[in-house]
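The values are calculated or read from the model by the stated rules, or taken from the named source; none is laboratory data. This is a predicted model, so every value here is computed, not measured. Quick reminder, even Gly has a Cβ in these numbers, built from the backbone with ideal geometry, and neighbours come from all protein chains shown.
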Amino acid sequence: MALLKVKFDLKKRVKLAQMLWLMYWFSIMAGVLVLSLGLFFKIELRKRSELMDNNESHFVPNLLIGVGLLACGINAFGGKICYDSLDSSKFAKWKTVLKPFLICCFLFNVLLFFTALLCFTMRIPLQFTLAEGLKNGMKYYKDSDVPGRCYMKRTLDLMQMEFRCCGNNNYKDWFEIQWVSNRYLDFSSKEVKDRISSNVDGQYLLDGVPFSCCNPSSPRPCIQHQVTNNSAHYSYDHHTEELNIWKRGCRDALVSYYGGLMNTIGILVLLVTMLEVAVMVGLQYVNTSLSTLVNPEDPESESEGWILEKTVKETFTDIMAKMKAMGKGNQVEEGAEDQAVATVS
Amino acid sequence: MVWAKMKFPFEKRVKLAQGLWLLSWLATLGGAITFCLGCFLKTELRRRAEVMDNTETYIVPNTLIIAGMASMGINYFAGRICQDALDPYFCCSIFFTTLMLLGVILSFIMRGTLEGSLKVGLKNGIRFYKDTDTPGRCFQKQTIDRLQMQFQCCGNNDFKDWFEVQWISNRYLDFSSKEVKDRIRSNVDGRYLLDGVPFSCCNPSSPRPCIQYKLTNNSAHYNYEYQSEEMNIFVRGCREALLNYYIGLMNSFAAVVLSVFVVQGTVLASLRYLETSMEAVLGQENMEIETEGYLLEKSISETIMEYLDPVMKILLLNQVEDGQAKAEEGAAGTSAAPAK
């Protein structure tokens, strides 16, 4: 009792082969799409690798690139088979390769599905990496003269401007670290000495944020120093002032950006998986319909096509039986060897 | 005496026809590219329309768009045109090809207009920076801030433009404070001017936190010298930055459009050669004879005279009529005089 049996005459077979060939072209383009998505994602991760503590895992984009290349290759091969299936003489040389190729396709589809799932779940480790990286980034903001960290200020400023965010959780993170380098502090001034002595670690902390936290949509010129001091500025209340500096934290901003990116990539990879499953099923139909010709000499005879020769359960038990037989075969061989060794000795 | 004569044996004619088919597809693609470049340039100009004073520079992308669309349409049908329709085809094609060249020339001419437009637009933008509560101008601050951050520039000519304009709204000035009163009194127009710039002028590459107020006052900041400090704020003016951006864009587009123009010209010349060389074969029994093809039937000056003749005839005819009328009048006058 075959699974999803369909009767085929010559016209139907030709139509199936043509449609399948067209679908293979789409699949090749889909493979190129997956490859380019993987490359894009990798570039986006590299751009902000300083903020991710140089620790981020490139496993998912590398997997996407590999899967994309593999998809292109497999689909090109399948398309060639499909093209040759219209001519029975050309198709004869592919007959032996077809079954292992279909098993390969099935395994490849499983891999694609697994990749799509990974895209959705990678958000969580990314969140932790970003939290660590941003915290360190802010700590090294003032070290524009330390080799290896001299571009941290620029990276953070550009990131805060691009993603419209301020600090790690919110702008108050800047109040807890010294972001003004000692090179630019006048240690003879009273104000500086007061601030440093009022702090346990001797750090120059102030209730101010860098200029990159400023919101251009604010109607008034940006207030970045003495942010919490209402009396320092005319007509200003820091509790009600919404547009002055960005309220969102950069970790949220970056996670939602990368999360959105990965969700989109995951959905696209799922769609590509569905397309691949469809072409695999189509190729199986082509294979079975060409192998079961009623009259092998006459290309115009009728035939039947199916997905599986027996039902799903029977196929599964068959595979298990085959594997057991292989296992027993090994045991029998080992047993025979032992006996032979025993008799020799 | 034909112009630009060439001999065409049978194989060469066949090759010409095949090459022409390929070239016409290339020219269609070129037309599509020209159209896209025109659209892109127009979009870019419109994005910054708030800092431009007039829309005269839009003639450049408009020309490219029209030339591109027409070229696409004409070349697409080039292969399907029958013999009769070739003359109007040539006229249209030559017109739109010259339009492309005109677009490129215009892009060089219009640079002065663009600079003038940007100068006025930016001056107004900086003047209305503080008017975030005036309807119609409330987004100037945002526009100028984003512009300065994106193009890494400050002010119109340079950052000192901000010293000459009051860019802080009166709503945020404490008129009871001594400092504000001093500044306003020291100014003829009663404006609050200061030697400071908005935060969007700050350069992220600077090693020290941004100094935006009291820029010219060295003693106000520790270890700071105004003359030697280069990385603190952007020193380039926004007019120069925007102009460089648009000029670079138009230069690269001009190069592409010129190559499309060359392809288009080649298509026209090849089609004309094919037409004339096939004319000689018509009616002959042996289709494989060698024929001659040419671009113009007579020499250039004769062809120009041929086209201008009808125009001259209309003008000359008027002159002849005038002359005749005058002669008649004269005759009537002389005959009338002796009668007296």
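In segment A:157-165, is there at least one residue being closer than 26 Å to A:Thr228 by Cβ and part of a loop (DSSP other than H, G, I, E, B)? Yes, some residue in segment A:157-165 is closer than 26 Å to A:Thr228 by Cβ and part of a loop (DSSP other than H, G, I, E, B).
Looking at A:Val110, A:Val180, A:Val97 in this structure, which one is at pLDDT 90 or above and assigned to a helix (DSSP H, G or I)?
Values: A:Val180 fails: assigned to a helix (DSSP H, G or I); A:Val97 fails: at pLDDT 90 or above.
The unique qualifying residue is A:Val110.
Within segment A:25-48, can one find any residue that is aromatic (Phe, Trp, Tyr) and over 30 Å from A:Leu86 (Cβ atoms)?
First pass over segment A:25-48, keeping only residues aromatic (Phe, Trp, Tyr): A:25-26, A:40-41.
If we keep only those that are over 30 Å from A:Leu86 (Cβ atoms) as well, we get A:40-41.
Yes; the residues of segment A:25-48 include at least one that is aromatic (Phe, Trp, Tyr) and over 30 Å from A:Leu86 (Cβ atoms).
Looking only at segment B:199-210, decide whether some residue is among the hydroxyl-bearing types (Ser, Thr, Tyr), within 10 Å of chain A (Cβ to nearest Cβ) and out of contact with any helix residue (DSSP H, G or I) (no Cβ under 7 Å at 6 or more places or on another chain). Lay out the reasoning, then the answer.
Narrowing segment B:199-210 to residues among the hydroxyl-bearing types (Ser, Thr, Tyr): B:200, B:205-206.
Applying the additional criterion that residues be within 10 Å of chain A (Cβ to nearest Cβ) yields B:200, B:205-206.
With the extra rule that they be out of contact with any helix residue (DSSP H, G or I) (no Cβ under 7 Å at 6 or more places or on another chain), the set shrinks to B:206.
Yes: segment B:199-210 contains one or more residues that are among the hydroxyl-bearing types (Ser, Thr, Tyr), within 10 Å of chain A (Cβ to nearest Cβ) and out of contact with any helix residue (DSSP H, G or I) (no Cβ under 7 Å at 6 or more places or on another chain).
For segment A:81-99, check the following and say yes or no: at least one residue is touching a Ser or Thr at 6+ places or on another chain (Cβ under 7 Å), surrounded by 13 or more Cβ atoms within 10 Å (Cβ to Cβ), in the same structural domain as A:Ile28 (by TED's automatic domain parsing) and more than 30 Å from A:Ser291 (Cα to Cα). First the steps, then the outcome.
Pass one, segment A:81-99, residues touching a Ser or Thr at 6+ places or on another chain (Cβ under 7 Å): A:91.
Now restrict to residues that are surrounded by 13 or more Cβ atoms within 10 Å (Cβ to Cβ): A:91.
Pick out the ones that are also in the same structural domain as A:Ile28 (by TED's automatic domain parsing) and you get A:91.
Filter once more, keeping what is more than 30 Å from A:Ser291 (Cα to Cα): none.
The answer is no; no qualifying residue exists.
For segment B:229-255, filtered to residues that are of a type in the set (A, V, I, L, M, F, W, C) and not in a helix (DSSP H, G or I), the residue that is farthest from the other protein chains (Cβ to nearest Cβ) is B:Val235.
Apart from one condition, A:Val279 fits all of (1) surrounded by fewer than 17 Cβ atoms within 10 Å (Cβ to Cβ); (2) over 30 Å from A:Phe163 (Cα atoms); the exception is (1). For segment B:161-171, the candidate set comprises residues that are surrounded by 14 or more Cβ atoms within 10 Å (Cβ to Cβ) and within 9 Å of chain A (Cβ to nearest Cβ); within that set, the residue that is nearest to the chain's Cα centre (by Cα) is B:Trp167. Pairing residues of segment B:226-249 that are hydroxyl-bearing (Ser, Thr, Tyr) with residues that are at pLDDT below 95 and assigned to a loop (DSSP other than H, G, I, E, B), at Cβ distances under 7 Å and at least 6 apart in sequence or on separate chains, gives B:Tyr226/B:Leu215; B:Tyr226/B:Thr216.
None of B:Asp182, B:Asp174, B:Asp133, B:Asp158 is in the same structural domain as B:Pro198 (by TED's automatic domain parsing) and surrounded by 15 or more Cβ atoms within 10 Å (Cβ to Cβ) except B:Asp158.
Which one of A:Thr155, A:Thr129 is within 14 Å of chain B (Cβ to nearest Cβ), touching a helix residue (DSSP H, G or I) at 6+ places or on another chain (Cβ under 9 Å) and of a type in the set (Val, Ile, Thr)? Give the steps one after another, and end with the answer.
Details: A:Thr129 fails: within 14 Å of chain B (Cβ to nearest Cβ).
Only one candidate qualifies: A:Thr155.
Can you tell me which residues in segment B:172-184 are under 22 Å from B:Arg127 (Cβ atoms) and more than 10 Å from chain A (Cβ to nearest Cβ)?
Initially, segment B:172-184 is screened for residues under 22 Å from B:Arg127 (Cβ atoms), giving B:172-173, B:175, B:180, B:183-184.
If the condition is that a residue be under 22 Å from B:Arg127 (Cβ atoms) and more than 10 Å from chain A (Cβ to nearest Cβ), then B:Arg183, B:Ile184 are the ones that fit.
So, restricting to helices (runs of 4 or more DSSP H) that lie completely within segment A:9-92, which ones have at least 2 residues that are within 23 Å of A:Phe128 (Cβ to Cβ)?
On the way: elements: A:10-47, A:59-84, A:88-92.
Counting at least 2 such residues, we get A:10-47, A:59-84.
Filtering segment B:121-140 to residues that are free of Cβ contacts under 8 Å to residues at least 24 places away in the same chain, within 30 Å of the chain's Cα centre (by Cα) and within 11 Å of chain A (Cβ to nearest Cβ) leaves nothing. Across segment B:214-228, which residue is nearest to the other protein chains (Cβ to nearest Cβ) among those that are exposed (fewer than 14 other Cβ atoms within 10 Å of the Cβ) and part of a loop (DSSP other than H, G, I, E, B)? Filtering segment B:214-228 for residues that are exposed (fewer than 14 other Cβ atoms within 10 Å of the Cβ) and part of a loop (DSSP other than H, G, I, E, B), the one nearest to the other protein chains (Cβ to nearest Cβ) comes out as B:Asn223.
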